[in-house]
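One structure is given below, encoded as structure tokens.
The values are calculated or read from the model by the stated rules, or taken from the named source; none is laboratory data. Every value quoted in this text rests on a predicted model; they were computed, and no experiment measured them. Note that each Cβ is placed from the backbone with ideal geometry, even for glycine, and that neighbours are counted across all protein chains shown.
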Amino acid sequence: MSYTPSSSVVAARKALAERLQDLRRDAGLTGRRLSELCGWNASKTSRIQAGQAAPSESDLRAWCHVCGADEQAEELIAASRAVDSMYVEWRRMERSGLRRAQESVFDIYQRTRSFRVYAGRVVPGMVQTRAYTAAVLRAVQRSRATVDDVEAAVDSRMSRQRMLFSGRRTFALVIEEAVLRSTVCDRNTMADQLKHLISMSALASVSLGVIPLATGRARSPAEDFYMFDDAQTSIELVSGYLRLTQPGEIAMYARAFSELSAMAVHGENARVLITSAINSLG
């Protein structure tokens, strides 16, 4: 599990850059000559080919045109858009408030039938209590959001929860024990959240695993991640989040989830750890 999520964006940009280089070479053009034909500086071509600059749609069309490959322009534009959509900056999404961020994922949640979630920082949103959600989102609002719509954002998440547990969906959750002992809220709120987690773990649709603090391993994932069937994996970063849709990347996270699940204790053993965390609150 040495995979770094942000490397997906870098790799995707480099893959696009390599395709553009191949087009130029197949056309028998040097970087300088291509730049002349496109009407821009040679340094721009160098940055695009190195994956250091994102070409615009007009850049891609011009590149394909001078290489005699107009028929490939739309495909390359689609690939470039896919790269751009992989990374979403929190500040950009939350500029108009936190509710928008909650509502932006409604469709993928509604379509998904099998959820796999790894949580190393906070309790997964789908099994949060209202008070715990409010505490988490309030902390986010104070640190990076300019609009205070926390209550509306909490309403949105609670509405999503009701939708999730109203149909035939399954939830496989793996949580680090450290999450059970974190201090994202006051003691009473945390105790209620942990009791709610025990209740949720008893549902037939929910599989809950807890990775004990004492588990030995080289390293753990740096970020929480959510898997939506085999269609998309979302990774929460400090600065934003990634949406991965490539089958190879999704398969990589599926393997990581299986490894993490194998480290966890489940059923009554998981509930013992949760109860211990409750008792430690005093």
Exercise for review: Filter region 45-60 for residues that are buried (at least 18 other Cβ atoms within 10 Å of the Cβ) and out of contact with any Ser or Thr (no Cβ under 6 Å at 6 or more places or on another chain) and give the result.
Suggested key: Ile48, Gln49, Gly51, Pro55, Asp59, Leu60
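Report yes if Ser35 is out of contact with any helix residue (DSSP H, G or I) (no Cβ under 9 Å at 6 or more places or on another chain), at pLDDT 90 or above and in a helix (DSSP H, G or I), otherwise no.
Criteria not met by Ser35.
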Practice item. Within region 179-197, work out how many residues are under 16 Å from Ala270 (Cα atoms) and surrounded by fewer than 15 Cβ atoms within 10 Å (Cβ to Cβ). Key: 1
Exercise for review: Restrict the check to region 252-263 and report whether at least one residue is closer than 18 Å to Arg113 by Cα, at pLDDT below 90 and part of a helix (DSSP H, G or I).
Suggested key: no
Practice item. For Ala101, indicate whether it is within 26 Å of the chain's Cα centre (by Cα), modelled with pLDDT under 85, closer than 14 Å to Leu23 by Cβ and among the small types (Gly, Ala, Ser). Key: no
**Study point:** Qualifying position, being in the same structural domain as Ser258 (by TED's automatic domain parsing), surrounded by 15 or more Cβ atoms within 10 Å (Cβ to Cβ) and part of a helix (DSSP H, G or I), among Val117, Val174, Val136, Val123
**Key:** Val136
Check your understanding: Where residues in region 149-171 are hydroxyl-bearing (Ser, Thr, Tyr) and either farther than 11 Å from Gln102 by Cα or assigned to a strand (DSSP E or B) (or both), which of them is modelled with the highest pLDDT?
Key -> Thr170
